[in-house]
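Colleague: Here it is: the structure, laid out below.
None of the figures in this text is laboratory data; all of them are computed from the coordinates on show. All values reported here derive from a predicted model rather than from experimental measurement. Glycine gets a Cβ as well: all are built from the backbone with ideal geometry, and neighbour counts include every protein chain shown.
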């Protein structure tokens, strides 16, 4: 089995995986980071979104071995020891989550947007979230949360 | 119950207690749980819609690497079938056809997705690989997938015991009176509508993890359920014969339900039984494609309706004839959805004096159909509001005016279809929505759009719901095999903190926050000192779960009753401590006071005394914990007006939803932030039905929509922001005055959207369109109108 | 998903030789086309040769009359690149509309072109702009490259290194996406450039990307939306699915062509 070295949430990790192991499987099953979720088989729902080297990817559509040497950030590591990251705080403040299942992917995707665009319009947020499905919120409050979170981040993660 | 909206009490938009764990990845969903020695299961499903099973050869699979067991229907022989929770009687008094539902198919498979075998291995990959080695000899039979196919002359039978594939042929209302109304009508308007099949698609797929402890005989099942106690009842008492004290059901964090996690599913029984056989924990997590084939679907009606009006536009009679597709087996709530959650809704907000509804329910070779957000009420509302809209066009009476002319204004109001509405104010609700939608300025917007080559339209629906289905004695007489009460327990700890146990289940609704607000305000304790526990049959006395917008109205009421009992006992303790008579003790803001004096004791002091009863009333039990069961006196009747405004691109048929304005009466609002969130989600669901979502089958019963690649889920860019208003009247018969909010959007908005689309298309001659109004369907309707 | 061999060589040459040795080997870059197929069991390569460790293939360069896009450039990179936005804005717009944000972060031009999905966007841009596909061993004109659904001129061990787009005088892109999958139902690039006036369509035909000669002729005489608005394509050659039957799809090709010209 290949041995993989990468950084996960700031910590250097060495993990034994199979070549076919998906990044999300490595995170959930090998590292016990169950905050990253799986909601579909066709790379559409976005519940599995994490940051790889700072940009959002669907961890269900990336092999763990493709993350060799990369820095992976999951929802568990986003706040980096602080209470809540500004984007997490914005989701709480604006009730941008209900059942919580899509939330980790939604937040990670939003962080990537905010890093590119510190003041996204409602339209820009809605377009950006094409790869993240939510069945609970109707997106109304997610959009508000992402806009507020981006402003709070001030363009830097 | 001041409800002043400040701080953390009733009426305040308190931030949710559950959010931090969800936002930091510390939610604990079923698939996140792992037990030592756990095995993994793969459920082998039928690949054909209808077949005799000639034989199953699992020899190769049993020898595959890592495999511990393969079980088929033959192995589970003697285990009970999956039961349904409602018995409906047909017009002629005969009971519905209630076929058996073995957890693993025996003899025949009846839909693509039917459970055929369970393969258990060390890893899920091994289980899946071994499942591919199981050889099933399917001897295909002709299948029926649609209402049209199942009701055709000489159609193949899903069940031999159901001639014509009919499960039941039900009616409600006075047929003779309704027919008479039509005979004397000035106008008769008729409509045919299809309410398409939908897939609920909670983002968390179903999962189950079963365990058995041979040393105690205890079973534990972690499962994605909206109602763990109901699952325990059905699984324990009807399927596996495990008594309640030996069967614990845990529904931990659950990633959305929308009705699809109400039913007791075959997989729950198969997993629990298998864990018992192997004496090892067994875990199964559904993937999305299997979810499309195995989560219960929703809706799937075909209806004809007629409305009789007098010369002034007063509705005088309504006749509805509906055929409903129930799928291959009867799921938990399936029989009641097209009957007692549908037929009795047809008065809507109107004074129609004579209504007759008949519903024929059919079996087909498709996934079982059960409740989906709204369950029956969206189907009724859509049909009624399409018909009323059409009546306005036919009679030439303004569509808002026509609705207003027929509104119920005197309460309580007895409808001709069983329900009695306790309270409402439909005029003000309508006014509020029209103002929010800038209804009066619409024509200018239509002209402006026309100048850009776009067709703009506006549509409205006015509606009522019936939520918190109740009382138990009534639903029992209608065929429910369970009561529909709720339990709540309030445990005041020695230091004054509080744990609340509710039989409802929160899978997004925020009960941990809302119920804490109620208890915090009623007991006068800090919000942070109240913890709400749900979802574990070992911790909660009993419960019926969360569906039908019942949690606050029924579950919240149970908690209120339990708090009342706590206060009553606290008064006795406080009276003793203050050497006063119990009758003289008053309780407010967390303090027991002797009326007219400055003598008082806090709830904390009283709680401590209850657990350290050194100086204590004689004969009174120590402790401060009370449980209440609340059985509602009536349904609740939320009501609203929804307005949608759309623009159609006539070149492509694309419908852009520009704005949605809603005015709703959901009764008492405990947490406005959460209530708004519930409305938003329901609206998205309803808009999805109106414009995007449709589950289709091939004629041979193969699913044509089997993943998110071809089943369109609403995305952020498909929706506008929503404009919400409230016009509150309180429910008169529960302690909170609450009515329910979880299903409002999915019930109210679909006809508003379709009425808007038809309003937009009127200039090009299109008068009818079915949901979903996809680009292709709209474009085709325009072409057809041009051609005719 | 079946297990497979995995290699992440540091150079194109090494990748080519690994592909030559591999049994049923496939190149993977971002994996946005291949991995979804593998997860569904629709592809099961014996070996994957990842280009993830190969450097030098992720640049975008202005070569005067051409823009050269390295094979490993992601869609997000192309969409954001100032050079592309200034010189071939239609290409940037097309890249910005591929998949979703996460697909654009991982998916590469080389992967998209090599895969030649009949509903992928890049093949239409390559064909309309008259691009050249550079590989480890040769240069292939887009006209000779796309040979039908999931089928290209690439040899089994051949690796794309770059795609060069001649800078057009004007070009426009319009796409009508499938509401569920968001793949193109009809995506059209209309261009007027060194390769002449070209109209290339993706998403609509089971044979993959194709050009519409009648529209090209009409635009050659007058590059106006009205020139193509009346030109229809045959419904017979169209794909059909839940979102669009053949007639509707053929109609959308014309509408998207018109809108592409409007954008140009």
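Colleague: Quick check on my filter: what residues within the stretch B:345-357 are touching a strand residue (DSSP E or B) at 6+ places or on another chain (Cβ under 6 Å) and not in a loop (DSSP other than H, G, I, E, B)?
Modeller: Within the stretch B:345-357, B:350, B:355, B:356, B:357 meet the criteria.
Colleague: Between B:254, B:250, B:172, which is within 14 Å of chain A (Cβ to nearest Cβ), on the phi < 0 side of the Ramachandran plot and within 24 Å of the chain's Cα centre (by Cα)?
Modeller: On the way: B:250 fails: within 14 Å of chain A (Cβ to nearest Cβ); B:172 fails: within 14 Å of chain A (Cβ to nearest Cβ).
When all the criteria are applied, what remains is B:254.
Colleague: Please pick out the residue among B:504, B:462, B:429 that is in a helix (DSSP H, G or I) and crowded, with 18+ Cβ neighbours inside 10 Å.
Modeller: B:429
Colleague: Which numbered condition trips up residue C:66, out of (1) more than 20 Å from residue C:9 (Cα to Cα); (2) touching a residue at least 40 places away in the same chain (Cβ under 8 Å); (3) within 13 Å of chain A (Cβ to nearest Cβ)?
Modeller: Only one criterion is unmet by residue C:66, namely (3).
Colleague: Considering only residues that are within 9 Å of another protein chain (Cβ to nearest Cβ) and in contact with a helix residue (DSSP H, G or I) (Cβ under 6 Å, 6 or more places away or on another chain), look in the stretch B:688-714 and name the one that is surrounded by the fewest Cβ atoms within 10 Å (Cβ to Cβ).
Modeller: So the residue we want is B:707.
Colleague: How many residues does the stretch C:195-213 hold that are within 17 Å of residue C:143 (Cα to Cα) and loosely packed, with under 14 Cβ neighbours inside 10 Å?
Modeller: Here the count works out to 2.
Colleague: Something else: Among the residues of the stretch B:588-622, what is the count of those that are outside any helix (DSSP H, G or I), within 19 Å of residue B:520 (Cβ to Cβ) and touching a residue at least 60 places away in the same chain (Cβ under 8 Å)?
Modeller: 5
Colleague: Which of the residues belonging to the stretch B:555-610 are in contact with a strand residue (DSSP E or B) (Cβ under 7 Å, 6 or more places away or on another chain) and on the phi > 0 side of the Ramachandran plot?
Modeller: B:590
Colleague: I've got another one for you. Please enumerate the residues belonging to the stretch C:114-131 that are in contact with a helix residue (DSSP H, G or I) (Cβ under 8 Å, 6 or more places away or on another chain), assigned to a helix (DSSP H, G or I) and over 14 Å from residue C:188 (Cβ atoms).
Modeller: C:115
Colleague: What single numbered condition from (1) closer than 30 Å to residue B:25 by Cα; (2) in contact with a strand residue (DSSP E or B) (Cβ under 7 Å, 6 or more places away or on another chain) fails to hold for residue B:236?
Modeller: Unmet condition: (1).
Colleague: Still on this structure, please answer the following. Only one of (1) on the phi > 0 side of the Ramachandran plot; (2) touching a helix residue (DSSP H, G or I) at 6+ places or on another chain (Cβ under 8 Å) fails for residue B:469. Which number is that?
Modeller: (1)
Colleague: Quickly run through the stretch B:700-734 and pick out the residues that are part of a loop (DSSP other than H, G, I, E, B) and more than 26 Å from residue B:201 (Cβ to Cβ).
Modeller: Those that are part of a loop (DSSP other than H, G, I, E, B) and more than 26 Å from residue B:201 (Cβ to Cβ): B:727, B:728, B:729, B:730, B:731, B:732, B:733, B:734.
Residues checked against (1) at negative phi; (2) more than 14 Å from chain A (Cβ to nearest Cβ); (3) without any contact (Cβ under 8 Å) to a residue 40 or more places away in the chain; (4) over 23 Å from the mean Cα position of the chain (by Cα):
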| position | (1), (2), (3), (4) |
| --- | --- |
| B:637 | yes, yes, no, no |
| B:642 | yes, no, no, no |
| B:647 | yes, yes, no, yes |
| B:659 | yes, no, no, yes |
| B:663 | yes, yes, no, no |
| B:678 | yes, no, no, no |
| B:682 | yes, no, no, no |
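Colleague: Any chance the stretch C:97-107 includes a residue that's away from chain A (no Cβ under 14 Å) and surrounded by fewer than 24 Cβ atoms within 10 Å (Cβ to Cβ)?
Modeller: no
Colleague: Within the stretch C:228-247, can you find the residues that are within 13 Å of chain B (Cβ to nearest Cβ), part of a helix (DSSP H, G or I) and farther than 16 Å from residue C:174 by Cα?
Modeller: Result: C:235, C:246, C:247.
Colleague: Which one is nearest to the other protein chains (Cβ to nearest Cβ) among residues in the stretch A:134-154 that are under 17 Å from the mean Cα position of the chain (by Cα) and crowded, with 24+ Cβ neighbours inside 10 Å?
Modeller: Once the filter is applied, the top-ranked residue is A:139.
Colleague: Looking at B:248, B:197, which is the one that is touching a residue at least 60 places away in the same chain (Cβ under 8 Å) and surrounded by fewer than 24 Cβ atoms within 10 Å (Cβ to Cβ)?
Modeller: Values: B:197 fails: surrounded by fewer than 24 Cβ atoms within 10 Å (Cβ to Cβ).
The unique qualifying residue is B:248.
Colleague: Checking residue B:78 against (1) within 14 Å of another protein chain (Cβ to nearest Cβ); (2) without any contact (Cβ under 8 Å) to a residue 12 or more places away in the chain, only one condition comes out false. Which one?
Modeller: Every condition holds for residue B:78 apart from (1).
Colleague: From (1) over 20 Å from residue C:151 (Cβ atoms); (2) within 13 Å of another protein chain (Cβ to nearest Cβ), pick out the condition that doesn't hold for residue C:73.
Modeller: Of the numbered conditions (1) over 20 Å from residue C:151 (Cβ atoms); (2) within 13 Å of another protein chain (Cβ to nearest Cβ), the odd one out for residue C:73 is (2).
Colleague: Something else: For the stretch B:214-228, which positions are loosely packed, with under 14 Cβ neighbours inside 10 Å and out of contact with any helix residue (DSSP H, G or I) (no Cβ under 7 Å at 6 or more places or on another chain)?
Modeller: Listed by number, the residues that qualify are B:214, B:215, B:216.
Colleague: Then there's this: Inspect the stretch B:363-375 for any residue being crowded, with 24+ Cβ neighbours inside 10 Å, in a helix (DSSP H, G or I) and touching a residue at least 40 places away in the same chain (Cβ under 8 Å) and give the result as yes or no.
Modeller: no
Colleague: Can you say whether residue B:232 is outside any helix (DSSP H, G or I), within 26 Å of residue B:480 (Cα to Cα) and more than 14 Å from chain A (Cβ to nearest Cβ), as far as the supplied structure shows?
Modeller: Taking the combined requirement at face value, the residue does not satisfy it.
Colleague: A follow-up question, please. I'd like the full set of residues that are outside any loop (DSSP other than H, G, I, E, B), more than 14 Å from chain A (Cβ to nearest Cβ) and crowded, with 24+ Cβ neighbours inside 10 Å, limited to the stretch B:533-554.
Modeller: Scanning the stretch B:533-554 gives B:552, B:553, B:554.
Colleague: Here's something else I'd like to know. Return the total of residues in the stretch B:257-283 being under 22 Å from residue B:39 (Cβ atoms) and under 24 Å from the mean Cα position of the chain (by Cα).
Modeller: Number of matching residues: 5.
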